[in-house]
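Student: Quick one: structure below, then a few questions.
The values are calculated or read from the model by the stated rules, or taken from the named source; none is laboratory data. Keep in mind it's a predicted model, so treat the numbers as computed, not measured. Cβ sites come from the backbone with ideal geometry, for glycine too, and all protein chains shown count toward neighbours.
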Amino acid sequence: AARADGPAASADALADVWQAWLARRRALIVLDDVPDEASVRGLLPRSGACSVLVTARGQLPGLAPVHRIALPALADGEALELLGKLIGAGRLRTDPAAALRIVRACGGLPLAVEVSGMRLAVLRHLPLAEYADRLDDPAGALDELVAGDVSVRRRIASGWQDLADGDRRVLARLAELVDDGGFTLDRAAAALDCGERAAVRAVESLIDAGAVTSPAGEVTAHAALYEVPRLLGLFARDREGV
């Protein structure tokens, strides 16, 4: 009989050991920041009482059966609470309007709000209104969202690299539509210079990747209002100009 060896056989053997371990136990397995279905599929239990919690930027549509929970952007109140924990509630109260501008300029992205708070906690002299003005400027917002070795731009760049080349080009064009809010399918088709069917496929591919948000409830494609998160849109437009 032929002998099975090499990396593939070793991987299969490890997978069998892992599945045997899971089958004998009751455990919660957390797999964080999963890039794609292939990297996690073999880790999911085939039997037994184990549960798995997977976090990912995209929807991982190739995994089934799973229960998906889409985490929305932070609401204004939640974002302000996070900012206040970092800079102090007293400072937050000195200019609540500017604080609200800051968290809205962050698009409700938890990392961006956190970095804003960390930066302001060090720059105690900086008025909240001045920092809000900096974040409101599309040309400089991402440059402001850096605190030590934590960079929002670098985090977004990592997700950008995970996108397919075609998705990057589409996202850069759609990002031009978000200055006045969301965009409709008709506007997407015009921006991409393509027909309705191609526009639907392009937009839905970005929804799968987590780069475009869609309405939570059921709605026809024509009636839907799609959105590109503000900071991702700024990054995409920068990349298009490179």
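Student: State whether the residues of the range 169-185 include one that is touching a His at 6+ places or on another chain (Cβ under 7 Å) and either in contact (Cβ under 8 Å) with a residue 24 or more places away in the chain or not hydrophobic (A, V, I, L, M, F, W, C) (or both).
Tutor: Among the residues of the range 169-185, at least one is touching a His at 6+ places or on another chain (Cβ under 7 Å) and either in contact (Cβ under 8 Å) with a residue 24 or more places away in the chain or not hydrophobic (A, V, I, L, M, F, W, C) (or both), which makes the answer yes.
Student: Can I ask one more? Of all residues in the range 27-54, which are touching a Pro at 6+ places or on another chain (Cβ under 9 Å) and assigned to a strand (DSSP E or B)?
Tutor: Listed by number, the residues that qualify are Ile29, Ser51, Val52.
Student: Go through the range 195-224 and report how many residues are modelled with pLDDT under 75 and among the charged types (D, E, K, R).
Tutor: 1
Student: Since Asp76 meets every condition but one in (1) modelled with pLDDT under 90; (2) surrounded by 12 or more Cβ atoms within 10 Å (Cβ to Cβ), which condition does it not meet?
Tutor: For Asp76, the failing item is (1).
Student: Ok, one more. So is Ala112 in contact with a Pro (Cβ under 8 Å, 6 or more places away or on another chain), outside any strand (DSSP E or B), at pLDDT 95 or above and not polar (S, T, N, Q) or not?
Tutor: So Ala112 fails the test.
Student: In the range 37-63, what residues are exposed (fewer than 13 other Cβ atoms within 10 Å of the Cβ), closer than 14 Å to Ala15 by Cβ and not basic (Lys, Arg)?
Tutor: Ala38, Ser39, Ser47
Student: Could I ask something else about it? Those residues that are in a helix (DSSP H, G or I) and modelled with pLDDT under 85, I need them from the range 1-26; list them, please.
Tutor: Pro7, Ala8, Ala9, Ser10, Ala11, Asp12
Student: Regarding Pro96, is this residue closer than 23 Å to Glu144 by Cα and not acidic (Asp, Glu)?
Tutor: yes
Student: If you don't mind, there's one more thing I want to ask. Pairs needed: first member in the range 223-240, assigned to a helix (DSSP H, G or I); second member anywhere, surrounded by 19 or more Cβ atoms within 10 Å (Cβ to Cβ) and of a type in the set (Val, Ile, Thr); C-beta distance under 8 Å; at least 6 residues apart or different chains.
Tutor: Filtered contacts from the range 223-240: Arg230/Val178; Leu231/Val152; Leu231/Ile156; Leu232/Ile156; Gly233/Val178; Phe235/Ile156; Ala236/Val228.
Rundown of residues vs (1) more than 18 Å from the chain's Cα centre (by Cα); (2) assigned by TED's automatic domain parsing to the domain that holds Leu206; (3) basic (Lys, Arg); (4) within 30 Å of Arg41 (Cβ to Cβ), yes/no style:
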position	(1), (2), (3), (4)
Leu86	yes, no, no, no
Ala89	yes, no, no, no
Asp95	yes, no, no, no
Ala98	yes, no, no, no
Gly108	no, no, no, no
Leu111	no, no, no, yes
Ser116	no, no, no, no
Val122	yes, no, no, no
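Student: Which of (1) on the phi > 0 side of the Ramachandran plot; (2) among the aliphatic types (A, V, I, L, M); (3) in a helix (DSSP H, G or I) does Leu60 not meet, given it meets every other one?
Tutor: Among (1) on the phi > 0 side of the Ramachandran plot; (2) among the aliphatic types (A, V, I, L, M); (3) in a helix (DSSP H, G or I), the lone unmet condition for Leu60 is (3).
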